[in-house]
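Colleague: Encoded as structure tokens, here's the structure I'll be asking about.
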Amino acid sequence: MTGMSATLLNAFRFQATACRELGSPFTAEVCAILAERLDGTSRFGRRILDWPGDPFADALALRAASGFHALKRAGRVPALLAVYPPVSNDTDALGDAIAAAIAAEDDFLHDWLDSPPQTNEVARSSVMLGGALRLGEQFGLPLDWHEIGASMGLNLGFDRYRYDLGAGRWGDPNSSVPIRSEWHGKGPNLAAPVQVDRRAGCDITPLDPGSRDDRERLLAYIWADQSERLARAEAALDMAAAATWRVERADAAAWTALHLTAPPQTGRTRVLAHSVMWQYLPEPTRGAIRANIDCAAKQATPDAPSAWLRMEADGQRGSASVRLTTWPGGDEREIGRADFHGRFVDWTIG
């Protein structure tokens with residue numbers, strides 16, 4: 001019997017439901033087993049039961065579940081190899097394997113909880129592409145692209161992937177990174193110009209796509225029964241490792257102060273972009289970033305416009321809000337809603 005508080009139980013059960021809705025019944029089962037069976041007999045269990053923060057905002061259930069995937073990928077716990085996809089299993093067998101992993105790798109699982117998940121979901125690049133196409137159509141200028149919460153920088157390379165968008169295709173047909181994302185409604189004009197002249201990203205704990213350990217950490221956060229996501233991420237990691245850019249280690253407020261308050265470059269659209277990271281920021285950091293965006297907005301001109309593109313949760317189940325604000329003028333719109341893993345984007349409200 002679990003020793004979880006009602007809040008913890010709700011967080012783990014909520015995540016289990018979300019995983020099922022997002023196509024990962026296996027990860028849902030891991031979260032559900034932990035909710036029902038975790039106790040304080042291990043360091044890992046005690047740390048979760050005594051978690052000092054908000055288990056929802058801290059994505060605690062996903063932190064916990066990904067630790068077991070990391071152990072399975074490393075082959076460190078034979079019991080996990082016997083029950084993880086593509087092997088079929090039942091709840092009791094999976095529960096026994098989880099218990100065996102806690103007993104064998106308690107310290108590893110305890111320490112794994114230090115960092116929030118960083119899936120750097122590549123298919124969210126579909127949203128970045130859509131925003132870039134809107135900006136290309138509106139301003140017709142090359143892009144000076146900035147991303148906060150960029151993790152490994154996989155979405156920084158959004159313009160180098162090949163897209164199957166249902167009604168159309170975009171990108172280099174020979175790209176090694178395929179993205180399937182169903183675009184609904186009157187989507188952005190696929191013929192609009194997209195040229196990224198400069199790109200940069202920051203993260204408080206960036207991962208290096210050229211590091212084997214960092215690659216494995218990111219892949220562990222991707223749900224074990226979603227083989228297409230795993231294969232796509234590995235291809236994007238290979239491309240990112242060969243790219244000239246790397247994500248900077250920096251606080252988002254300080255980094256945007258450096259990049260958004262400097263005078264803009266004439267003949268470019270300065271863009272700040274982010275996806276599914278705003279919820280992890282403390283309010284003072286959000287306020288500082290907004291102040292830096294305001295500074296960029298005041299400097300925007302028709303020849304040097306600015307834009308803020310974001311894909312973030314807003315409380316509506318099943319999808320994230322996609323919003324775009326442009327300057328001069330400060331036109332702010334919800335241009336669509338997107339699946340959290342990029343499987344679809346609904347542009348009908350844009």
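The values are calculated or read from the model by the stated rules, or taken from the named source; none is laboratory data. Since the model is a prediction, treat every value here as computed from it, not as a measurement. Virtual Cβ from ideal backbone geometry, glycine too; neighbours counted across all protein chains shown.
Colleague: What are the residue pairs meeting all of these: first residue in the stretch 266-293, first residue within 22 Å of Gln195 (Cα to Cα) and free of Cβ contacts under 8 Å to residues at least 60 places away in the same chain, second residue surrounded by 20 or more Cβ atoms within 10 Å (Cβ to Cβ) and among the aliphatic types (A, V, I, L, M), Cβ atoms under 6 Å, and 6 or more apart or on different chains?
Modeller: Listed pairs, sorted by first residue: Thr266/Ala304.
Colleague: While we're here: Are there any helices (runs of 4 or more DSSP H) wholly within the stretch 1-120 with 2 or more residues that are surrounded by fewer than 19 Cβ atoms within 10 Å (Cβ to Cβ) and under 19 Å from the mean Cα position of the chain (by Cα), and if so which?
Modeller: Hits in the stretch 1-120: 6-21.
Colleague: Out of the stretch 316-329, which residues are in contact with a strand residue (DSSP E or B) (Cβ under 9 Å, 6 or more places away or on another chain) and assigned to a loop (DSSP other than H, G, I, E, B)?
Modeller: Gln316, Gly318, Ser319, Pro328
Colleague: I would also like to ask the following. Filter the stretch 63-112 down to residues that are among the β-branched types (Val, Ile, Thr) and either at pLDDT 95 or above or not assigned by TED's automatic domain parsing to the domain that holds Leu38 (or both) and give me whichever is farthest from Ala16 (Cα to Cα). Working first, answer last.
Modeller: We begin by selecting, within the stretch 63-112, every residue among the β-branched types (Val, Ile, Thr); these are 77, 83, 87, 91, 98, 102.
Now drop any that are not either at pLDDT 95 or above or not assigned by TED's automatic domain parsing to the domain that holds Leu38 (or both), which leaves 77, 83, 98, 102.
Numbers: Val77: 23, Val83: 18, Ile98: 16, Ile102: 20 Å.
Only one residue tops the list, namely Val77.
Colleague: If the Cβ limit is 6 Å and pairs must be 6+ apart or interchain, which residue in the stretch 47-72 that is touching a residue at least 60 places away in the same chain (Cβ under 8 Å) pairs with which residue that is among the small types (Gly, Ala, Ser)?
Modeller: Ser66/Ala220; His69/Ala220; His69/Ala224; Ala70/Ala220
Colleague: Suppose the filter is crowded, with 20+ Cβ neighbours inside 10 Å, in contact (Cβ under 8 Å) with a residue 40 or more places away in the chain, at negative phi and in the same structural domain as Ile148 (by TED's automatic domain parsing); does Ala338 pass it?
Modeller: yes
Colleague: Next question. Can you tell me which residues in the stretch 132-172 are surrounded by fewer than 23 Cβ atoms within 10 Å (Cβ to Cβ) and of a type in the set (S, T, N, Q)?
Modeller: Passing the criteria: only Gln138.
Colleague: Something else: If we keep just the residues of the stretch 318-335 that are in contact (Cβ under 8 Å) with a residue 40 or more places away in the chain and on the phi < 0 side of the Ramachandran plot, which is surrounded by the fewest Cβ atoms within 10 Å (Cβ to Cβ)?
Modeller: Just the residues of the stretch 318-335 that are in contact (Cβ under 8 Å) with a residue 40 or more places away in the chain, to begin with: 318, 320, 322, 324, 326, 335.
With on the phi < 0 side of the Ramachandran plot added as a condition, the list becomes 320, 322, 324, 326, 335.
On the way: Ala320: 22, Val322: 25, Leu324: 22, Thr326: 22, Ile335: 20.
The selected residue is Ile335.
Colleague: Every residue in the stretch 223-252 that is basic (Lys, Arg) and either surrounded by fewer than 18 Cβ atoms within 10 Å (Cβ to Cβ) or farther than 21 Å from Ser175 by Cβ (or both), please. Give the derivation first.
Modeller: Of all residues in the stretch 223-252, those basic (Lys, Arg) come to 229, 232, 246, 249.
Across the stretch 223-252, the qualifying residue is only Arg249.
Colleague: Something else about it: Go through Arg199, Arg212 for me and flag whichever is crowded, with 20+ Cβ neighbours inside 10 Å, among the basic types (Lys, Arg) and more than 15 Å from the chain's Cα centre (by Cα).
Modeller: Exactly one residue qualifies, and that residue is Arg199.
Colleague: If I filter the stretch 197-204 for residues that are farther than 18 Å from Val122 by Cα and in contact (Cβ under 8 Å) with a residue 60 or more places away in the chain, do I get at least one hit?
Modeller: Restricting attention to the stretch 197-204, the residues satisfying the condition of being farther than 18 Å from Val122 by Cα are 197-198, 204.
So of that shortlist, the ones also in contact (Cβ under 8 Å) with a residue 60 or more places away in the chain come out as 197-198.
The answer is yes, given that some residue of the stretch 197-204 is farther than 18 Å from Val122 by Cα and in contact (Cβ under 8 Å) with a residue 60 or more places away in the chain.
Colleague: Test of understanding: among Arg212, Arg229, which residue is under 24 Å from Pro117 (Cα atoms) and free of Cβ contacts under 8 Å to residues at least 12 places away in the same chain?
Modeller: Numbers: Arg229 fails: free of Cβ contacts under 8 Å to residues at least 12 places away in the same chain.
Just one listed residue meets the conditions, Arg212.
Colleague: With (1) of a type in the set (A, V, I, L, M, F, W, C); (2) more than 16 Å from Ala307 (Cα to Cα); (3) in a loop (DSSP other than H, G, I, E, B); (4) without any contact (Cβ under 8 Å) to a residue 12 or more places away in the chain as the list, and Ala192 as the residue in question, which single condition is left unmet?
Modeller: (4) is the only condition that Ala192 fails.
Colleague: Something else now. Quick one: count up the residues across the stretch 126-158 that are within 17 Å of the chain's Cα centre (by Cα) and among the charged types (D, E, K, R). Before you say what the answer is, go through the steps one by one.
Modeller: First, the residues of the stretch 126-158 that are within 17 Å of the chain's Cα centre (by Cα): 126-131, 146-158.
From the residues that got through so far, the ones that are among the charged types (D, E, K, R) too are 147.
Here the count works out to 1.
Colleague: Moving on. Out of everything in the stretch 330-348 that is assigned to a strand (DSSP E or B) and of a type in the set (Gly, Ala, Ser), what residue ends up being nearest to Asn155 (Cα to Cα)?
Modeller: Ala338
Colleague: I'm trying to understand the selection: among the residues of the stretch 89-122, which are aliphatic (A, V, I, L, M) and touching a helix residue (DSSP H, G or I) at 6+ places or on another chain (Cβ under 7 Å)?
Modeller: Listed by number, the residues that qualify are Leu94, Ala97, Ile98, Ala100, Ala101, Ile102, Leu109, Leu113, Val122.
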